[in-house]
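Let me begin by presenting the structure, written as structure tokens, before commenting on it.
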Amino acid sequence: MDCETVMIAKVTGKCPACEDYAEWNSTTPSKIAVMACEGACSRGEVARRAANLVAHRLASDGTVRICLGGAFTKDTGQRNLVRRAEKVIAIEGCFINCSSRMMTGVLPGLKPEIVRADLIYNLDLPFGIDEVPDEMFTVYAYRVAEQVVREHVRGSSASGSDTGPVSGGSGCSAPPFSCGRVVDCGDGPDRGDPNK
Ligand code: SF4
């Protein structure tokens with residue numbers, strides 16, 4: 001696997017809100033960790049909103065929302081939530097798969113279940129969030145979140161039995177990812193994924 005090395009400056013301070021949230025949610029058994037592309041573009045916005053809906057609305061009892069920036073850049077409570085989670089869900093905005101790639105970089109061996117949000121709502125969105133009505137974000141984010149809860153949270157190891165890959169539509173998958181589980185997201189158009 002071709003990799004790049006990144007030097008991240010350490011910080012001494014901690015974000016109290018982030019650490020308190022992590023401590024509060026560091027339960028036994030562990031909750032399902034939900035992370036997402038927190039990206040700037042409208043596809044990332046759908047992924048971010050969907051992750052928030054899963055962890056704060058639709059499945060708040062069994063899931064915990066991961067601060068990707070915090071978990072990636074410092075080894076404190078947020079990274080520990082991912083480290084100790086029996087299941088990690090990565091809601092990705094596009095084929096770049098940023099959240100799962102970032103976290104497997106700092107936690108080798110991590111096997112997140114990757115959900116490609118853009119293949120669920122199945123529409124080419126522009127980059128700018130100012131070009132997408134807020135109502136559309138709500139509709140798409142709910143669509144993604146509901147599928148994540150239905151296929152990845154319910155019946156998971158934290159609440160039941162199935163820990164295997166989740167099936168859905170056919171013929172589409174995230175790009176081959178040596179240390180992540182590839183999860184089918186339903187048929188969708190090619191979003192510029194060079195691996196497709
Ligand atoms: S281009 Fe991809 S990685 Fe970047 S913000 Fe958008 S969805 Fe996220």
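The values are calculated or read from the model by the stated rules, or taken from the named source; none is laboratory data. This one's a predicted model, so the numbers in the text were calculated from it and none came from an experiment. When we count neighbours, we look across all protein chains shown, and the Cβ atoms used for this are built from the backbone with ideal geometry, even at glycine.
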*Flag for Asp118 being within 16 Å of the ligand (Cβ to nearest atom), over 12 Å from the mean Cα position of the chain (by Cα) and not in a loop (DSSP other than H, G, I, E, B)*: yes
*Output the residue which, of all residues in the range 53-68 that are part of a helix (DSSP H, G or I) and without any contact (Cβ under 8 Å) to a residue 24 or more places away in the chain, is surrounded by the fewest Cβ atoms within 10 Å (Cβ to Cβ).*
His56
*Residue that is nearest to Ala59 (Cα to Cα) [pool: residues in the range 86-99 that are within 11 Å of the ligand (Cβ to nearest atom) and either part of a strand (DSSP E or B) or touching a strand residue (DSSP E or B) at 6+ places or on another chain (Cβ under 9 Å) (or both)]*: Ile91
*Identify all residues within the range 21-41 that are surrounded by fewer than 22 Cβ atoms within 10 Å (Cβ to Cβ) and either within 16 Å of Gly69 (Cα to Cα) or within 12 Å of the ligand (Cβ to nearest atom) (or both); write none if there are none.*
Tyr21, Glu38, Gly39, Ala40, Cys41
*Quickly run through the range 70-99 and pick out the residues that are surrounded by 24 or more Cβ atoms within 10 Å (Cβ to Cβ) and more than 25 Å from Gly13 (Cα to Cα).*
Val88, Ile89, Ala90, Ile91, Glu92, Gly93
_Only listed residue being at pLDDT 95 or above, closer than 15 Å to Cys98 by Cα and out of contact with any Ser or Thr (no Cβ under 6 Å at 6 or more places or on another chain), chosen from Thr28, Thr73, Thr63_ = Thr73
